[in-house]
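Below is one structure, written out as structure tokens, with a few remarks after it.
The values are calculated or read from the model by the stated rules, or taken from the named source; none is laboratory data. Quantities reported herein were computed from a predicted structural model and do not represent experimental measurements. Note: ideal-geometry Cβ built from the backbone for every residue, glycine included; neighbour counts use all protein chains shown. Accessible surface areas use protein heavy atoms only, side chains included; no ligands, DNA or RNA. Shrake-Rupley method; radii C 1.70, N 1.55, O 1.52, S 1.80 Å.
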Amino acid sequence: MSEPIMKKLPELGLFPNEPAWFTDIRKTALKNYRNTKLPRFAKVHYEDWQLGELTTQVKPSIDQEMDCSTNDYILCTLATALMKHEKLVEKYYLQKALTTLTDRLVNFSTAFVNAGSFLYIPANTKLTKPILLPENSKTKFEQEISHNLIILGEGAQATIGIQSNGAGTAKTGHRISEIVLEANSHLNLINLDDFTAAQPIYLNRQASVGENAHLNWSIGSFSDGNVIAEMNAELVGRRAVATINNAAITSGKQTQGMNTRVTNFAPHSVGKIRQRGVILDESRLVFNGIGKIIHGAHGTIAEQENRILMLSDKASGDANPILLIDENDVEAGHAASVGRLDKKQLYYLMSRGLSKPTAKRLVVRGFIGELAKEIANPQIRQSFQKSLERKLPNA
């Protein structure tokens with residue numbers, strides 16, 4: 001990693017007319033970067049993936065001036081938002097969802113962010129049509145380091161679908177997302193990850209859920225390459241509700257490691273984690289589910305379920321449920337399993353005239369597809385199922 005590049009970029013900024021406060025955040029992150037460690041993903045060894053390293057000189061992505069705003073909401077690139085909606089960005093950027101730069105990858109991504117989207121839905125805006133955000137890599141020969149900021153004002157309602165892939169030629173991908181739900185807002189959020197095998201990916205998605213706000217979050221982790229991902233929902237308001245549904249499939253020799261966390265900060269909040277994974281070939285999948293209840297968050301509910309289905313003798317997987325409870329008046333529970341295909345179920349399907357490969361696909365569809373039921377929008381659900389089918393040619 002070139003020390004001159006490390007020193008030069010935060011001083012110049014990577015966005016046109018970048019405000020001083022934003023550049024100052026870069027400088028702080030760069031300073032922290034040198035003194036922090038890589039985040040821990042239990043039972044995942046990713047240290048040689050070159051994440052958190054400059055493999056080339058970082059430049060802004062080519063779509064930095066995109067603006068797709070309507071009368072109902074603001075939607076543009078982060079670079080455009082810094083010029084047109086600076087006060088809004090300053091109010092929320094690293095202020096509510098992701099508030100501390102704790103590890104090396106977060107600091108690296110913050111210091112060298114060169115892309116990203118900004119979506120703001122004003123208070124009491126109730127959208128009937130979903131917002132579909134393709135999150136495609138448009139950088140060429142450069143590293144992609146993006147930061148997305150999604151805000152729902154008080155009482156707002158929306159469905160947002162984000163389909164991510166790695167169509168560019170970047171050697172690594174770093175993507176941070178901040179999602180802020182103000183009081184009484186409702187968000188159905190669907191992340192569909194379909195990255196190619198060409199680049200290892202670091203994902204960090206943080207949500208802040210306010211009083212009486214509801215977050216229904218579905219994630220399809222169907223990438224082909226190595227991925228580490230942090231998904232975190234913090235229930236900061238009374239009666240806040242968050243459900244994270246994560247469906248993952250690994251194949252080939254890829255590794256996917258996922259830390260999925262819901263933290264109950266406020267009384268009478270409800271947090272649920274449901275993860276289903278299928279492992280093919282010689283791949284590896286690790287689910288780390290963390291439910292945490294802070295002292296004073298009485299009357300809360302924290303539940304999680306982590307299940308992995310193995311379809312190969314050479315595959316490996318772990319489902320690690322963790323409950324951290326510092327309050328008495330709560331409901332908390334977890335379930336975890338790692339197992340192979342049910343031979344009786346397979347035999348039953350084959351006895352009805354199905355071939356073994358077809359029977360296997362049906363079992364996997366049923367196992368993973370249960371989470372697809374949570375996706376109400378037909379168009380987004382169809383994309384989910386299409387990516388699922390693409391990952392199962394050899395199942």
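Which residues, counting only those in region 16-58, are part of a loop (DSSP other than H, G, I, E, B), of a type in the set (Val, Ile, Thr) and over 21 Å from the mean Cα position of the chain (by Cα)? Explain how you work it out, then say what you get.
Looking only at region 16-58, we keep the residues that are part of a loop (DSSP other than H, G, I, E, B), and these are 16-19, 34-58.
Adding the requirement that they be of a type in the set (Val, Ile, Thr) leaves 36, 44, 55-56, 58.
Scanning region 16-58 gives Thr36, Thr55, Thr56, Val58.
Six or more apart or on different chains, Cβ atoms under 8 Å: show the pairs whose first residue is in region 103-115 and small (Gly, Ala, Ser) and whose second is open to solvent by 10 Å² or more (accessible area, probe 1.4 Å) and assigned to a helix (DSSP H, G or I). Within 8 Å, the pairs are Ala111/Leu9; Ala111/Lys27; Ala111/Leu30. How about region 87-102: which of its residues are in contact (Cβ under 8 Å) with a residue 12 or more places away in the chain and either touching a Phe, Trp or Tyr at 6+ places or on another chain (Cβ under 9 Å) or farther than 17 Å from Phe118 by Cα (or both)? Across region 87-102, the qualifying residues are Leu88, Val89, Glu90, Tyr92, Tyr93, Leu101, Thr102. If you go through region 169-190 and keep only what is over 18 Å from Arg104 (Cα atoms), open to solvent by less than 10 Å² (accessible area, probe 1.4 Å) and either of a type outside the set (Val, Ile, Thr) or at pLDDT below 95 (or both), you end up with Ala170, Leu181, Ser185, Leu187, Leu189. Here His298 passes the criteria (1) part of a strand (DSSP E or B); (2) more than 17 Å from the chain's Cα centre (by Cα) except the one numbered (1). Of all residues in region 115-140, those satisfying the criterion of being open to solvent by less than 30 Å² (accessible area, probe 1.4 Å), modelled with pLDDT under 95 and not in a strand (DSSP E or B) are Gly116, Ser137, Thr139. Could you say whether any residue in region 189-207 is out of contact with any Phe, Trp or Tyr (no Cβ under 6 Å at 6 or more places or on another chain), over 30 Å from Glu53 (Cα atoms) and not acidic (Asp, Glu)? Within region 189-207, not a single residue is out of contact with any Phe, Trp or Tyr (no Cβ under 6 Å at 6 or more places or on another chain), over 30 Å from Glu53 (Cα atoms) and not acidic (Asp, Glu).
Select from region 141-168 the residues that are at positive phi and at pLDDT 85 or above and list them in ascending order. Scanning region 141-168 gives a single hit, Gly155. The set of residues in region 259-279 that are over 19 Å from Asn320 (Cα atoms), open to solvent by less than 10 Å² (accessible area, probe 1.4 Å) and hydrophobic (A, V, I, L, M, F, W, C) contains only Ala266. Of all residues in region 231-258, those that are open to solvent by 20 Å² or more (accessible area, probe 1.4 Å) and either under 11 Å from the mean Cα position of the chain (by Cα) or over 27 Å from Glu182 (Cα atoms) (or both) total 4. In the set Glu86, Glu65, only one residue is of a type outside the set (Gly, Ala, Ser) and at pLDDT below 90; that residue is Glu65. Number of residues in region 202-216 that are surrounded by fewer than 24 Cβ atoms within 10 Å (Cβ to Cβ) and not acidic (Asp, Glu) equals 7.
Meeting the requirement of 1 or more residues that are under 30 Å from Ser269 (Cα atoms) and open to solvent by 70 Å² or more (accessible area, probe 1.4 Å), the helices (runs of 4 or more DSSP H) wholly within region 305-395 are 378-390.
The one condition from (1) under 23 Å from His214 (Cα atoms); (2) surrounded by fewer than 19 Cβ atoms within 10 Å (Cβ to Cβ); (3) touching a Ser or Thr at 6+ places or on another chain (Cβ under 8 Å) that His295 does not meet is (3).
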